[in-house]
Amino acid sequence: MSGPIKNSRGEADFMVMNKEKGTPLKKEGDGGKMSKAMKKYRDSCQSYFWQAIFEKEISYIARELKGCRNILSVGCGPAVIEKGLEEKGFDVTGLDVSEEALKGAPGSIRTLVGSAEKMEFESNSFDAVIYIASLQFIDNYEKAVWEAARVVKQDGKIIVMLLNPDSDFFEAKRKQTDSYVNKIKHLSLTSIEEAIRKRFGNLRTGYCIGVRGNQVFESRNPDLAAIYFIEGVKK
C-alpha cells in the first residue's frame, strides 16, 4: 500500500512505497521539539563561517540543477541548504535517517525519516538526487547510489558533494574530538566515484569551496578545497 508524503501545508506530494515504513515528520512549530544538542547545532549554522559555506554550496548546486524542479536531498539533516534551494524556486524533499535532525527542518520543506539504502519512494520520482556531505557517512554508499538511480527519472541528475580528506579543512576538523568529521565512514573518493559511475554517465568531477581558517573562497586546489564534487546523469 502506498501513501503520500505531506508537507507543512498538508498537501500530498510524492508517493511512498510503504506508508508504514516511511514516517512523515512534524516540523518545529507544529509539534517537533529539538534537543539541546540539535539547537546548538542549528545555532552554529548561523555563524558567519557556516553561512559562507552554505551560500557557496547553494549557489553551486542551484547552478548545476538547471532544468530540474523536483529534488531529493539525501541526508539533509535540519535542511538548511534545502531551504536555500527552495528559495531559489526548487521543490525539495529531504530524507534523513535521524528524526531528531529533521525536527529542526523549516516547516516549508517536506521531509521523511528513512534509510538512504532503502528509500520508500516509487521509482522515477525526482528530477535530481543530491548528497551534500552525507554519502560518506552512510554505511553502504553503493546501495545508496543504487537507490538514487532508481528514484531519479530517466536522464535525471545526481550531484554529490564529498568532504575532501586531503584538505587542510578536513585535517583541522579531525583534530577536534567532537567534530562531525570523525564520524565519517568512507574516505576513498575514488571508490565512491566508481560506484556512481556504474549507474550514472557523463560524470564530471572536481574540487570546490576553498577554506583557510575562517576564510571561504573559490578554489580548485586539492589542499585547500574542502569539497570534492561528482555529477552525473542516469544511464
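The values are calculated or read from the model by the stated rules, or taken from the named source; none is laboratory data. Keep in mind that this is a model prediction, so the values were computed, not measured. Counting neighbours? That spans all protein chains shown, and the Cβs are built from the backbone with ideal geometry, glycine included.
Odds and ends about this structure:
- Taking segment 101-126 as the range and being surrounded by fewer than 20 Cβ atoms within 10 Å (Cβ to Cβ) and polar (S, T, N, Q) as the test, the residues that pass are 108, 115, 123, 124.
- Residue list for segment 63-106, filter: more than 17 Å from residue 129 (Cβ to Cβ) and part of a loop (DSSP other than H, G, I, E, B): 78, 88, 89, 98, 103, 104, 105, 106
- Residue count for segment 65-89, restricted to those that are over 19 Å from residue 105 (Cβ atoms), surrounded by 16 or more Cβ atoms within 10 Å (Cβ to Cβ) and touching an Asp or Glu at 6+ places or on another chain (Cβ under 7 Å): 1
- For segment 119-152, the tally of residues that are within 21 Å of residue 101 (Cβ to Cβ), touching a residue at least 24 places away in the same chain (Cβ under 8 Å) and of a type in the set (S, T, N, Q) stands at 2.
- Test: residue in segment 106-125 that is of a type outside the set (Asp, Glu), within 20 Å of residue 162 (Cβ to Cβ) and touching a Phe, Trp or Tyr at 6+ places or on another chain (Cβ under 7 Å): no
- Under the condition of being of a type in the set (A, V, I, L, M) and without any contact (Cβ under 8 Å) to a residue 60 or more places away in the chain, the residues counted in segment 94-118 number 3.
- Strands (runs of 3 or more DSSP E) contained in segment 186-235 and holding at least 1 residues at pLDDT 95 or above and surrounded by fewer than 16 Cβ atoms within 10 Å (Cβ to Cβ): 200-212, 215-217
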